[in-house]
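So the structure is just underneath, and the comments pick up after that.
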Amino acid sequence: RRNTVGSMDIRRLLTQPARDTRSAVRAAEYMENTIKLILARSTQNHHIHKRSLNATGLFCFSNAQKVHVYAHTPTCVHVIYICISLSRKEPRRGASNTPFTRWLPPQYEDGVSLAKGWDPNRQINGNYLPLVREVSDHILKPVDNNLESDVLNTNLVTFFGQWTDHDLTLTPTSPSIRSFNNGVNCDVSCDRTEPCFPITIPEDDPRTDKTCITFFRSAPACGSGYTGHIFGAANVREQINALTSFIDSGQVYGSEDAQARDLRDLTSDKGLLRVNTRFTDNGRELLPFSNMDVSMCANHRRITNNSNAEEVPCFVAGDPRSTENIALTSIHTLMLREHNRLARALAQLNPQWTGETIYQEARKIMGAKFQVFTFRDYLVHIVGPDLIKKKLSSYPGYDENVDPTIASVFATAAFRFAHPTIQPFQFRLDENYNESPRYPSPLLHNAFFTPWRIIFEGGLDPVVRGLVGRPNKLNTQDHILHDELREKLFDLSMHLNRDLGSLNMQRGRDHGIPGYNEWRGFCGLSQPKDLTELAVVMNNTVLAQKLLDLYGTPDNIDVWLGGVAEPFVPNGRVGPLLGCLIANQFQKIRQGDRFWWENDGVFTDAQRDSLRKASLARIICDNTGITDVPKNPFYFRPRGVGYTPCENIPAFDLSPWKENSEY
């Protein structure tokens with residue numbers, strides 16, 4: 001099976017829908033393609049019918065209604081503690097398996113569903129859209145090898161961003177591998193036919209071994225696009241978010257109840273999460289293994305005893321992307337351990353509690369801790385203090401009129417801001433925060449889907465030290481995306497190397513995301529119309545000219561590209577556009593969550609006081625063998641400057657959770 005792994009298996013692991021999401025996606029696809037076929041047949045055979053046709057007139061409406069209702073059946077996808085973390089006014093707002101929201105109307109090529117740039121010979125705003133790979137070659141490719149590191153932020157800033165994104169967004173692609181219309185295999189063909197939207201490689205591109213990069217469209221939401229004509233919904237295609245829109249540690253526990261049960265250790269009544277039964281990390285817990293038949297991770301083997309090959313499957317967690325890279329895997333493993341640590345401590349504090357109560361209380365604490373870390377510690381490193389003060393400072397209280405649903409532009413563009421900050425190495429450091437002599441830092445493309453590096457190459461501690469003890473890459477206009485991501489993304493032995501920048505722009509076009517200037521206008525920013533104005537916005541005439549040479553007009557610049565190319569806001573690491581979009585989304589996430597940790601009645605005053613003092617540094621100390629860490633793990637300092645012994649970092653106070661206590 002190992003030799004049969006292909007790009008389909010990458011999708012299966014990272015973006016293919018499962019469980020309830022798969023049911024919703026397949027129902028939506030059946031409905032959309034049924035409508036398309038009926039509309040096409042009615043057009044072809046219009047001479048047969050002597051009256052005007054409605055698509056529903058060609059089949060029994062009751063059957064259509066059943067398909068529609070099946071896809072929309074409201075299901076409480078969380079156990080009781082998380083289920084109530086939804087809007088009181090609109091109970092499905094922010095729930096998993098519901099559509100992303102729109103802050104601006106989409107711009108589809110046919111006005112309904114067809115991705116922007118689907119027809120390369122069709123002009124938009126009087127100009128042809130450039131191929132996304134062409135844009136990558138001319139704008140994203142580093143101009144030289146002088147990579148610059150960030151003097152302020154650690155690698156953890158980058159991977160905490162990925163961790164947070166995986167709590168908020170997962171856009172499933174079609175579960176189909178072949179075109180609906182003609183059976184074309186999207187894995188091997190460069191034809192554009194639903195759901196295949198391959199990324200064309202320009203003729204002068206250094207990649208000469210193929211003519212396209214495989215790309216599948218995001219699955220449509222039922223009742224959107226062509227089906228909207230029938231059911232009265234908005235007649236534009238929308239995409240599904242498989243996750244909740246809340247900071248609730250869903251990447252630890254899952255966003256569906258069946259998934260949450262699968263991740264629990266139900267062999268005992270202790271409220272624990274399942275752990276690996278084959279391996280430990282010097283006695284500490286590791287994530288359990290996946291039982292997938294074809295494993296991306298089994299493509300890498302660790303040879304033991306000079307003769308025996310030890311197959312290592314992928315790890316499994318609340319999010320399917322947990323094994324994408326070893327830095328992300330290390331964060332997942334830390335949080336598995338932290339849940340179980342909390343569960344054991346709560347059991348000692350309240351021996352009368354059942355395992356169900358312990359599990360739910362530990363899960364509730366975990367969600368609250370990450371709400372604290374995100375708003376208190378993390379976001380200021382990204383959007384800067386000015387936007388924090390303007391939109392994200394003190395908690396204004398729950399507002400039932402605020403929709404916390406993740407916006408499509410946030411999922412496809414704004415919160416992909418950190419891709420240009422990824423270093424080409426996954427750092428691993430020894431006890432003195434020096435490069436590990438025994439297990440040196442692998443290049444990024446050698447750390448994809450490699451759980452065996454955690455199991456057999458020193459465990460979690462070296463990777464965590466690499467996150468907090470090394471700076472991330474600085475995004476500069478001359479070095480936006482390193483070639484480890486532009487040329488070698490998922491470059492395993494199957495030679496499936498992708499281009500992350502091209503994927504980002506193609507996904508935005510797939511979702512019909514409006515262009516750069518419309519979003520600048522949405523944020524109240526200037527909308528450059530020519531070279532002079534764009535050069536001012538970018539503070540770079542050469543870059544502005546390159547953009548206009550490609551796009552013809554600033555209106556057409558892909559919003560992700562325009563956003564990551566802008567100069568930073570003061571003391572932040574994004575430009576004004578992405579700063580606006582990110583701050584806007586997190587503002588809605590907080591105000592639209594009825595069970596935000598600071599909202600009245602969610603926690604007691606004493607519990608809130610404990611949560612307010614919680615620290616990510618303490619989680620590292622409690623769940624690894626690391627003995628000293630930066631007190632603020634997001635803020636880069638060389639070893640010895642700002643590093644604190646674990647014994648001097650206050651422990652998290654659980655006493656307010658003692659039942660019937662004086663607190």
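Identification of helices (runs of 4 or more DSSP H) wholly contained in the stretch 554-663 with 2 or more residues that are of a type outside the set (D, E), within 22 Å of L387 (Cα to Cα) and modelled with pLDDT of 95 or more yields 559-565, 576-591.
Would you pick out the residues in the stretch 244-292 that are surrounded by fewer than 17 Cβ atoms within 10 Å (Cβ to Cβ) and of a type in the set (V, I, T)? Scanning the stretch 244-292 gives T267, T277, T280. For the stretch 385-398, does any single residue satisfy the condition of being of a type outside the set (D, E, K, R), crowded, with 24+ Cβ neighbours inside 10 Å and touching a residue at least 24 places away in the same chain (Cβ under 8 Å)? There is at least one residue in the stretch 385-398 that is of a type outside the set (D, E, K, R), crowded, with 24+ Cβ neighbours inside 10 Å and touching a residue at least 24 places away in the same chain (Cβ under 8 Å).
Take the residues in the stretch 538-570 that are of a type in the set (D, E, K, R) and within 13 Å of V135 (Cα to Cα), then tell me which one is surrounded by the fewest Cβ atoms within 10 Å (Cβ to Cβ). I'd like the intermediate steps shown before the answer.
Initial filter on the stretch 538-570 (of a type in the set (D, E, K, R)): 546, 549, 555, 558, 566.
Imposing the further condition that a residue be within 13 Å of V135 (Cα to Cα) reduces the set to 546, 549, 558.
Values: K546: 17, D549: 11, D558: 28.
Within the stretch 538-570, the match that is surrounded by the fewest Cβ atoms within 10 Å (Cβ to Cβ) is D549.
Evaluate the stretch 327-346: report whether one residue or more is on the phi < 0 side of the Ramachandran plot, of a type outside the set (A, V, I, L, M), at pLDDT 95 or above and out of contact with any helix residue (DSSP H, G or I) (no Cβ under 9 Å at 6 or more places or on another chain). Checking the stretch 327-346: not a single residue is on the phi < 0 side of the Ramachandran plot, of a type outside the set (A, V, I, L, M), at pLDDT 95 or above and out of contact with any helix residue (DSSP H, G or I) (no Cβ under 9 Å at 6 or more places or on another chain). In the stretch 459-485, what residues are touching an Asp or Glu at 6+ places or on another chain (Cβ under 9 Å) and either more than 24 Å from L500 (Cα to Cα) or among the basic types (K, R) (or both)? If the condition is that a residue be touching an Asp or Glu at 6+ places or on another chain (Cβ under 9 Å) and either more than 24 Å from L500 (Cα to Cα) or among the basic types (K, R) (or both), then G459, L460, D461, P462, R465, K473 are the ones that fit.
Of all residues in the stretch 271-290, how many are part of a loop (DSSP other than H, G, I, E, B), under 27 Å from S96 (Cβ atoms) and not acidic (D, E)? Steps first, answer last, please.
So the first thing to find is which residues in the stretch 271-290 are part of a loop (DSSP other than H, G, I, E, B), and the list is 271-272, 274-280, 282-283, 285-288, 290.
Filter again for under 27 Å from S96 (Cβ atoms), leaving 271-272, 274-276, 285-288, 290.
Next, from what is left, pick out any that are not acidic (D, E): 271-272, 274-276, 286-288, 290.
Here the count works out to 9.
Does Q371 satisfy the criteria of being buried (at least 20 other Cβ atoms within 10 Å of the Cβ), out of contact with any Gly (no Cβ under 8 Å at 6 or more places or on another chain) and either of a type outside the set (F, W, Y) or closer than 27 Å to N282 by Cα (or both)? Criteria met by Q371. Among the residues of the stretch 445-483, the one identified as buried (at least 22 other Cβ atoms within 10 Å of the Cβ), touching a Pro at 6+ places or on another chain (Cβ under 6 Å) and not in a loop (DSSP other than H, G, I, E, B) is V468.
Can you find, within the stretch 92-132, the residue that is surrounded by the most Cβ atoms within 10 Å (Cβ to Cβ) among those that are of a type in the set (K, R), touching a residue at least 60 places away in the same chain (Cβ under 8 Å) and touching a strand residue (DSSP E or B) at 6+ places or on another chain (Cβ under 8 Å)?
Among those residues, the one meeting the criterion is K116.
Within the stretch 609-628, residues that are within 21 Å of P656 (Cβ to Cβ) reach partners that are buried (at least 19 other Cβ atoms within 10 Å of the Cβ) and basic (K, R) with beta carbons closer than 7 Å, at six or more positions or on different chains, in the pairs L611/K369; A614/K369. Would you confirm whether or not the stretch 399-420 contains a residue that is modelled with pLDDT under 95 and either in contact with a helix residue (DSSP H, G or I) (Cβ under 6 Å, 6 or more places away or on another chain) or among the aliphatic types (A, V, I, L, M) (or both)? Checked against the condition, which is being modelled with pLDDT under 95 and either in contact with a helix residue (DSSP H, G or I) (Cβ under 6 Å, 6 or more places away or on another chain) or among the aliphatic types (A, V, I, L, M) (or both), the stretch 399-420 yields no hits at all. On the stretch given as the stretch 116-160, residues that are more than 16 Å from Q423 (Cβ to Cβ), touching a helix residue (DSSP H, G or I) at 6+ places or on another chain (Cβ under 7 Å) and polar (S, T, N, Q) total 3.
Take the conditions touching a Gly at 6+ places or on another chain (Cβ under 6 Å) and of a type in the set (V, I, T) and apply them to T405. Does it pass? Give the derivation first.
On the way: touching a Gly at 6+ places or on another chain (Cβ under 6 Å): yes; of a type in the set (V, I, T): yes.
Here the answer is yes, as T405 does meet what is asked.
Can A345 be described as part of a helix (DSSP H, G or I) and either crowded, with 22+ Cβ neighbours inside 10 Å or under 30 Å from the mean Cα position of the chain (by Cα) (or both)? Criteria not met by A345. Filtered by the rule that a residue be farther than 18 Å from T421 by Cβ, among the charged types (D, E, K, R) and either surrounded by fewer than 24 Cβ atoms within 10 Å (Cβ to Cβ) or modelled with pLDDT under 95 (or both), the stretch 488-508 gives D491, R498.
Across the stretch 498-546, the number of residues qualifying as in contact (Cβ under 8 Å) with a residue 24 or more places away in the chain and either hydroxyl-bearing (S, T, Y) or in a helix (DSSP H, G or I) (or both) comes to 21. In the set (1) touching a strand residue (DSSP E or B) at 6+ places or on another chain (Cβ under 8 Å); (2) more than 27 Å from T421 (Cα to Cα), Q585 fails one condition alone, (2).
The values are calculated or read from the model by the stated rules, or taken from the named source; none is laboratory data. Quick caveat, the model's predicted, so the values are computed rather than measured. A quick note on method: Cβ atoms are made from the backbone with ideal geometry, for glycine too, and the neighbour counts reach across all protein chains shown.
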